[in-house]
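The values are calculated or read from the model by the stated rules, or taken from the named source; none is laboratory data. Here the structure is a predicted model, which means the values were calculated and not measured. Quick reminder, even Gly has a Cβ in these numbers, built from the backbone with ideal geometry, and neighbours come from all protein chains shown.
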Amino acid sequence: MAVAADFSLGKVDVALTPQARFAEFLQTKGKRITKQRRAIVDHVCGHHEHFDAEQLLEGLRRTPAGARASRPTVYRTLAEMVDAGLLRKMVLGGRAVYEHDYGYPQHDHLYCTGCHQLIEFSSDELTRIRDAVAARHRFRAESHRLIISGLCFDCRSNRSRSRHQDRV
C-alpha cells in the first residue's frame with residue numbers, strides 16, 4: 001500500500017467561534033463566562049501548540065487578563081473545555097496534555113518517548129483501514145485516536161552516539 005506524501009492537517013469550518021461555543025456550553029450548564037474563563041479560552045485559542053495545565057498557567061501569568069486565573073480555575077476550565085468539545089485530553093508519559101479539537105480535522109500523533117515531542121499527522125490510508133475494520137464488525141466508526149509511541153530521529157541519533165561513546 002502506498003503511503004501519501006502529505007500528512008498535513010486540513011481545516012474544518014465551524015459555525016461558532018471557540019469562545020462563543022464555550023459560552024453556549026456554559027449557559028446550558030447554568031454557568032457564566034467569567035473574566036478568568038474568557039482569558040483562559042482566549043489564550044488557549046490563540047495558540048495551537050499542545051500544552052499541559054502548568055504550561056497554560058505560565059503563559060497566562062504573562063498576560064494582564066490571565067494573570068488573575070487561579071490554578072483551580074485553570075484545571076476546572078480545562079475540564080469544561082474538554083466537555084464542551086473544544087479540547088482533547090491525552091495522557092502521555094503520566095502527564096495530561098491538551099490539544100485543540102474544535103475546528104480541527106481528525107488526526108493522529110507520533111509521540112517521542114525520549115524528548116516528548118508530539119507530531120500531528122493525517123492519513124487517508126489509516127481512515128480507510130479504520131472504516132474497513134469497522135465494517136467487518138458491522139460497526140459505524142465516527143472517530144478514532146491513534147498515538148504511535150517511539151523515538152524520533154534526533155533521540156535515536158543521540159542514543160546511538162552515546163552508546164558508541166560508551167564502547168570507546
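Sort out which residues of the range 99-118 are within 14 Å of the chain's Cα centre (by Cα) and surrounded by fewer than 13 Cβ atoms within 10 Å (Cβ to Cβ), and write them in order of number. Lay out the reasoning, then the answer.
Going residue by residue through the range 99-118, those that are within 14 Å of the chain's Cα centre (by Cα) are 99-111, 116-118.
Matches in the range 99-118: P105 only.
Among the residues of the range 8-49, how many are more than 14 Å from A69 (Cβ to Cβ), of a type in the set (V, I, T) and assigned to a loop (DSSP other than H, G, I, E, B)? Talk me through it step by step, then tell me what you get.
Filtering the range 8-49 for residues more than 14 Å from A69 (Cβ to Cβ) gives 8-32, 45-49.
Now drop any that are not of a type in the set (V, I, T), which leaves 12, 14, 17, 28.
Next cut, assigned to a loop (DSSP other than H, G, I, E, B) only: 12, 14, 17.
Of the residues in the range 8-49, 3 are more than 14 Å from A69 (Cβ to Cβ), of a type in the set (V, I, T) and assigned to a loop (DSSP other than H, G, I, E, B).
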Which residues, counting only those in the range 125-147, are touching a Ser or Thr at 6+ places or on another chain (Cβ under 9 Å) and among the aromatic types (F, W, Y)? none
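Go through A79, A96, A23, A84 for me and flag whichever is over 11 Å from the mean Cα position of the chain (by Cα) and in contact (Cβ under 8 Å) with a residue 12 or more places away in the chain. Lay out the reasoning, then the answer.
Values: A79 fails: in contact (Cβ under 8 Å) with a residue 12 or more places away in the chain; A96 fails: over 11 Å from the mean Cα position of the chain (by Cα); A23 fails: in contact (Cβ under 8 Å) with a residue 12 or more places away in the chain.
Every option except A84 fails the conditions.
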Is at least one residue of the range 71-78 in a loop (DSSP other than H, G, I, E, B) and out of contact with any helix residue (DSSP H, G or I) (no Cβ under 9 Å at 6 or more places or on another chain)? no
Of everything in the range 40-53, what is more than 13 Å from H100 (Cα to Cα) and at pLDDT below 95? Give them in sequence order. none
Within the range 126-146, how many residues are among the small types (G, A, S) and within 24 Å of M90 (Cβ to Cβ)? 3
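Return yes when V91 is within 30 Å of R32 (Cα to Cα), within 12 Å of the chain's Cα centre (by Cα) and surrounded by fewer than 11 Cβ atoms within 10 Å (Cβ to Cβ) and no when it is not.
Working: within 30 Å of R32 (Cα to Cα): yes; within 12 Å of the chain's Cα centre (by Cα): yes; surrounded by fewer than 11 Cβ atoms within 10 Å (Cβ to Cβ): yes.
Considered against the rule, which asks whether it is within 30 Å of R32 (Cα to Cα), within 12 Å of the chain's Cα centre (by Cα) and surrounded by fewer than 11 Cβ atoms within 10 Å (Cβ to Cβ), V91 comes out as yes.
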Going through G66, G85 one at a time, which residue ends up being in contact with a helix residue (DSSP H, G or I) (Cβ under 8 Å, 6 or more places away or on another chain) and at positive phi? G85
Looking at the range 123-132, can you tell me whether even one residue there is under 30 Å from E24 (Cα atoms) and of a type in the set (K, R)? no
Tell me, which residue of the range 133-158 that is in contact with a helix residue (DSSP H, G or I) (Cβ under 9 Å, 6 or more places away or on another chain) and without any contact (Cβ under 8 Å) to a residue 24 or more places away in the chain is surrounded by the fewest Cβ atoms within 10 Å (Cβ to Cβ)? R140
Which of (1) outside any loop (DSSP other than H, G, I, E, B); (2) touching a Lys or Arg at 6+ places or on another chain (Cβ under 9 Å) is the odd one out, the single condition G85 does not satisfy? (1)
Please list, ordered by first then second residue, the pairs with beta carbon atoms under 8 Å, 6 or more apart or interchain, first in the range 56-75 and closer than 17 Å to V97 by Cβ, second basic (K, R). L57/R71
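Residue-by-condition table, conditions (1) among the charged types (D, E, K, R); (2) in a strand (DSSP E or B); (3) modelled with pLDDT of 95 or more:
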site: M81; (1), (2), (3): no, no, yes
site: Y102; (1), (2), (3): no, no, no
site: Q106; (1), (2), (3): no, no, no
site: C115; (1), (2), (3): no, no, no
site: E120; (1), (2), (3): yes, yes, no
